[in-house]
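I have placed the structure first, in the form of structure tokens, so that the comments after it can refer back to it.
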Amino acid sequence: MELIELQRDHLERLVAWSALWLVLSAFHLARRPKEEALGAFWLVSGAWCAANLAIAALAWRSPGTDPTALRRLLWASEGFNLLCLVVGGLLARSQQPRRFGAGVAITLQAMALLVLDAVLLLQLPG
């Protein structure tokens, strides 16, 4: 499969995941959750997915043509995803409801990106 096509497939998966979670977040935030943890979860999930959609839009307009550079970028992204898992996990251990909700959201979204980026990494030629 051609490099640009691999990237487009990756971005389509990212957009599908992010759009779904953005819609879910908007729906639940519109209902004004009474529990602080749920409010924080949906707010962080929505913000995270909005950022993903913005990044996907930029990447769609100018896909990379160098597989080595793309691989480096994906490894850096995987490192950031792992860092987010640690931070999210620490926040999720908090007794403070907002931190707990934000931590669960960060952990969930970082796990998803870890998997999505790994799929593309495994598909790259060379």
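The values are calculated or read from the model by the stated rules, or taken from the named source; none is laboratory data. Remember, predicted model here, so these are calculated numbers, not experimental data. Virtual Cβ from ideal backbone geometry, glycine too; neighbours counted across all protein chains shown.
A compact table of results
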{"quantity": "Positions within the stretch 85-126 being farther than 22 Å from LEU22 by Cβ and among the aliphatic types (A, V, I, L, M), in sequence order", "calculated": "VAL86, LEU90, ALA118, LEU121, LEU122, LEU124"}
{"quantity": "Only listed residue being outside any helix (DSSP H, G or I) and either modelled with pLDDT of 95 or more or over 26 Å from PHE27 (Cβ atoms) (or both), chosen from GLY46, GLY79, GLY64", "calculated": "GLY64"}
{"quantity": "Leading residue by the ranking (surrounded by the fewest Cβ atoms within 10 Å (Cβ to Cβ)) among those in the stretch 1-19 that are within 18 Å of LEU114 (Cβ to Cβ) and touching a Cys at 6+ places or on another chain (Cβ under 8 Å)", "calculated": "TRP17"}
{"quantity": "Residue within the stretch 71-79 that is touching a Gly at 6+ places or on another chain (Cβ under 6 Å) and either crowded, with 18+ Cβ neighbours inside 10 Å or of a type in the set (Lys, Arg) (or both) present", "calculated": "no"}
{"quantity": "Residue within the stretch 28-41 that is part of a helix (DSSP H, G or I), acidic (Asp, Glu) and either at pLDDT below 95 or over 25 Å from LEU121 (Cα atoms) (or both) present", "calculated": "yes"}
{"quantity": "Candidate set: the stretch 80-97, residues that are under 14 Å from ALA37 (Cβ atoms) and of a type outside the set (A, V, I, L, M, F, W, C); chosen: the one surrounded by the fewest Cβ atoms within 10 Å (Cβ to Cβ)", "calculated": "GLN95"}
{"quantity": "The stretch 10-54: number of residues that are within 29 Å of ALA69 (Cβ to Cβ) and touching a residue at least 40 places away in the same chain (Cβ under 8 Å)", "calculated": "10"}
{"quantity": "Residue satisfying all of: in the stretch 25-45; surrounded by 21 or more Cβ atoms within 10 Å (Cβ to Cβ) and not hydroxyl-bearing (Ser, Thr, Tyr); farthest from the chain's Cα centre (by Cα) among these", "calculated": "ALA40"}
{"quantity": "Residue identified as assigned to a helix (DSSP H, G or I), under 14 Å from the mean Cα position of the chain (by Cα) and loosely packed, with under 14 Cβ neighbours inside 10 Å among VAL104, VAL115", "calculated": "VAL115"}
{"quantity": "All positions within the stretch 79-93 that are without any contact (Cβ under 8 Å) to a residue 12 or more places away in the chain and within 17 Å of ASP117 (Cβ to Cβ)", "calculated": "GLY79, PHE80, LEU83, VAL86"}
{"quantity": "Selected residue (only one of ALA110, ALA76, ALA57, ALA50 is in contact with a Cys (Cβ under 7 Å, 6 or more places away or on another chain) and closer than 24 Å to ASP9 by Cα)", "calculated": "ALA110"}
